[in-house]
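Note sheet for the following structure.
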Ligand SMILES: Nc1ncnc2c1ncn2[C@@H]1O[C@H](COP(=O)(O)OP(=O)(O)OP(=O)(O)O)[C@@H](O)[C@H]1O
Ligand SMILES: [Mg+2]
């Protein structure tokens with residue numbers, strides 16, 4: 001409860017503080033109601049009988065009015081508190097999702113995005129049911145109130161009637177809550193061990209609902225995928241349900257003990273009344289207080305609080321886990337750094353360092369050198385690159401060819417600094433990328449204009465797909481669209497550049513695969529216009545028809561004027577115009593030279609080129 005209180009005060013200081021104050025105030029008014037009921041009931045016989053010593057009409061009316069007032073205030077406070085709670089849960093939900101996404105996107109590197117440990121931790125931070133913290137905040141104020149009320153009522157019962165009865169009921173109340181929280185903790189352990197299965201289920205769900213939805217339906221795979229989703233999801237949940245069932249049965253036993261204690265206390269009360277030990281006022285107050293005490297045992301709230309606290313711990317641990325993965329020292333899901341993270345430190349970390357102006361890297365086409373670069377993906381034991389040396393001279397247009405899986409796209413990730421080489425260096429204008437801090441790395445990435453192999457298809461407007469975060473400059477937009485030959489396709493969209501490229505949106509539109517690819521090319525050219533100095537085209541012709549491909553090949557050198565460029569393809573015809581062509585094989589640059597030099601060399605390039613050319617000439621190729 002305290003962890004959640006602290007969290008809500010960090011998240012929303014005024015709202016969290018106000019809610020706490022409301023809870024305290026509401027506990028006080030509730031106690032006052034019990035006392036006033038006692039007073040009213042106690043004075044009623046004397047007032048009705050009249051005579052000397054009886055309360056005056058004014059005094060009695062004032063007392064009743066006070067009771068009504070306090071009772072109403074209690075109700076109003078409850079309403080206010082539930083309004084504040086709703087607001088708090090929405091604010092905190094935003095903070096939780098912002099914190100998770102900030103952790104995932106904080107770094108310009110990407111290794112942590114592929115880490116199972118980070119995915120599991122982020123899933124746990126969302127908790128059982130995906131919104132554990134949200135759900136846990138709902139009963140927070142009520143729990144604070146009911147605990148204060150329980151203590152206050154126990155004191156009333158003790159002072160007016162019996163300390164043992166008070167102690168007994170207070171301890172069974174505590175027992176109910178402690179037990180519910182414990183059962184919830186047991187449930188957490190079971191759920192956590194199933195987060196992996198749950199993650200797989202999530203993945204199947206996203207696949208079926210998101211990116212692959214169309215193809216899956218067209219080919220009739222949707223039911224198969226949904227079966228799989230349900231199966232994985234159940235596999236993750238069934239053990240949880242089983243644990244919950246057992247826990248519920250046991251919790252009922254504890255509740256029964258609590259009710260037994262109440263019955264015992266009431267029996268004691270009746271006995272004392274019989275013996276003439278208690279006046280009417282005391283009986284009324286004690287009975288009200290006893291009932292309040294009994295009702296304040298809130299096992300359900302305690303259980304969801306436990307779930308929320310556990311999710312909160314994962315939320316605090318998440319940045320540390322991601323950082324550990326990024327720093328490459330990661331071994332297990334639990335990272336020591338996260339355990340002692342204070343809320344303040346966590347909040348500061350999630351907010352990220354103060355935004356500073358991007359450091360000034362020299363503008364213009366950069367010189368990039370890969371020196372003795374070795375690389376294997378995290379968690380893999382295959383070296384994709386094995387001591388590769390490659391120099392992209394400033395302003396040079398380099399072609400890179402290689403078979404499927406040779407490591408061409410991997411090389412792009414390394415150039416961008418998204419991954420660090422396992423050994424060797426990537427040097428930009430004389431500076432090792434490994435020496436860049438996150439800001440410098442981000443600035444370097446802004447100087448890259450990539451058309452990656454799996455380029456972005458954003459469900460945003462056509463113009464946003466080209467300009468991204470930049471405010472669109474219509475003239476430049478039109479110019480790059482012509483160069484990338486996507487202008488005609490955009491013109492046919494229902495709302496031109498303002499068409500959202502997503503069919504499910506009203507007035508939305510869609511493009512063909514090749515048109516999307518040209519749009520991606522336009523995006524890269526727009527970035528070049530904006531000062532990006534390194535143009536990288538990874539299989540830019542994969543979805544283009546023969547004529548478009550030929551056009552791209554012809555225009556390539558013009559596209560690449562004034563920038564350093566890297567054109568990647570396994571189609572030899574595409575790269576033939578480059579200043580220099582490099583052949584990537586077995587993790588190194590096996591051959592390099594101009595198209596003609598390489599053909600004369602009669603090596604691997606020549607062999608592969610002839611093989612491809614023969615298929616075209618022979619007419620059984622795809623042309
Ligand atoms: N995220 C990843 N984790 C582990 N291995 C990966 C990852 N991405 C790629 N690989 C592996 O690295 C190797 C090189 O892949 P890469 O995508 O760089 O090849 P490529 O030359 O671009 O091939 P293609 O011509 O098919 O695009 C492949 O064996 C691939 O399986
Ligand atoms: Mg590739």
Note to self: Would you confirm, using the coordinates I've provided, whether residue 249 is assigned to a helix (DSSP H, G or I) and either surrounded by 22 or more Cβ atoms within 10 Å (Cβ to Cβ) or at pLDDT below 90 (or both)?
What the structure shows: yes
Notebook entry, point to check: Within segment 213-234, can one find any residue that is in the same structural domain as residue 299 (by TED's automatic domain parsing) and over 30 Å from residue 33 (Cβ atoms)?
Noted result: no
Notebook entry, point to check: Looking at segment 393-415, which of the residues that are touching a helix residue (DSSP H, G or I) at 6+ places or on another chain (Cβ under 7 Å) and closer than 11 Å to residue 569 by Cα is nearest to ligand 1 (Cβ to nearest atom)?
Noted result: 402
Next item on the list: Only residues that are under 24 Å from residue 455 (Cβ atoms) and within 16 Å of ligand 1 (Cβ to nearest atom): list them for segment 422-439, please.
Entry: 426
Notebook entry, point to check: Of the residues 7, 60, which single one is without any contact (Cβ under 8 Å) to a residue 60 or more places away in the chain and assigned by TED's automatic domain parsing to the domain that holds residue 285?
Noted result: 60
Item checked: Number of the condition not met by residue 146 [criteria: (1) touching a helix residue (DSSP H, G or I) at 6+ places or on another chain (Cβ under 6 Å); (2) assigned to a helix (DSSP H, G or I)] -> (1)
Notebook entry, point to check: Which condition number in (1) over 23 Å from residue 574 (Cβ atoms); (2) out of contact with any strand residue (DSSP E or B) (no Cβ under 6 Å at 6 or more places or on another chain); (3) away from ligand 1 (no atom under 16 Å from the Cβ) is the one that residue 489 fails?
Noted result: (1)
Check: Of the residues in segment 95-108, how many are surrounded by 18 or more Cβ atoms within 10 Å (Cβ to Cβ) and closer than 26 Å to residue 376 by Cα?
Finding: 4
Item checked: Conditions (1) within 16 Å of ligand 1 (Cβ to nearest atom); (2) outside the structural domain of residue 578 (by TED's automatic domain parsing); number of the one not met by residue 468 -> (1)
Checklist line | Selection within segment 431-471 - under 19 Å from residue 496 (Cα atoms), free of Cβ contacts under 8 Å to residues at least 40 places away in the same chain and surrounded by 16 or more Cβ atoms within 10 Å (Cβ to Cβ) | finding: 463, 464
Note to self: Against the definition (within 13 Å of ligand 1 (Cβ to nearest atom), at pLDDT 95 or above and not assigned by TED's automatic domain parsing to the domain that holds residue 322), how does residue 390 come out, yes or no?
What the structure shows: no
Item checked: Qualifying position, being more than 30 Å from residue 97 (Cβ to Cβ) and not in a helix (DSSP H, G or I), among 287, 277, 291 -> 277
Item checked: Cross-chain or 6+ apart pairs with Cβ under 7 Å, segment 409-429 first and assigned by TED's automatic domain parsing to the domain that holds residue 382, then within 16 Å of ligand 2 (Cβ to nearest atom) and assigned to a loop (DSSP other than H, G, I, E, B) -> 409/453; 410/384; 412/452; 413/419; 418/110; 419/110
Margin query: Need a quick list: strands (runs of 3 or more DSSP E) entirely within segment 396-480 having at least 3 residues that are more than 16 Å from ligand 2 (Cβ to nearest atom).
Written below: 423-428
Next item on the list: Would you point out the residue of segment 370-385, among those that are surrounded by fewer than 18 Cβ atoms within 10 Å (Cβ to Cβ) and part of a strand (DSSP E or B), that is nearest to ligand 2 (Cβ to nearest atom)?
Entry: 374
Margin query: Being more than 16 Å from ligand 1 (Cβ to nearest atom) and either out of contact with any strand residue (DSSP E or B) (no Cβ under 9 Å at 6 or more places or on another chain) or at pLDDT below 85 (or both) is the filter here; which residues of segment 441-458 pass it?
Written below: 441, 442, 443, 445, 446, 456, 457, 458
Next item on the list: Could you tell me whether residue 100 is touching a residue at least 12 places away in the same chain (Cβ under 8 Å), out of contact with any strand residue (DSSP E or B) (no Cβ under 6 Å at 6 or more places or on another chain) and outside any helix (DSSP H, G or I)?
Entry: no
Checklist line | Unmet criterion (only one of (1) under 24 Å from residue 527 (Cβ atoms); (2) within 16 Å of ligand 1 (Cβ to nearest atom); (3) surrounded by fewer than 22 Cβ atoms within 10 Å (Cβ to Cβ)) for residue 363 | finding: (2)
Item checked: Filter result (outside any helix (DSSP H, G or I) and surrounded by 13 or more Cβ atoms within 10 Å (Cβ to Cβ)) within segment 204-232 -> 212, 221
Item checked: Conditions (1) more than 16 Å from residue 397 (Cβ to Cβ); (2) modelled with pLDDT under 90; number of the one not met by residue 586 -> (2)
Note to self: Restricting to segment 530-558, name every residue that is within 16 Å of ligand 1 (Cβ to nearest atom) and over 14 Å from residue 518 (Cβ atoms).
What the structure shows: 536, 538
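The values are calculated or read from the model by the stated rules, or taken from the named source; none is laboratory data. All figures in this text were calculated on a predicted structure; none of them were measured in a lab. Using ideal geometry, Cβ is built from the backbone for each residue, glycine included, and neighbour counts are taken over all protein chains shown.
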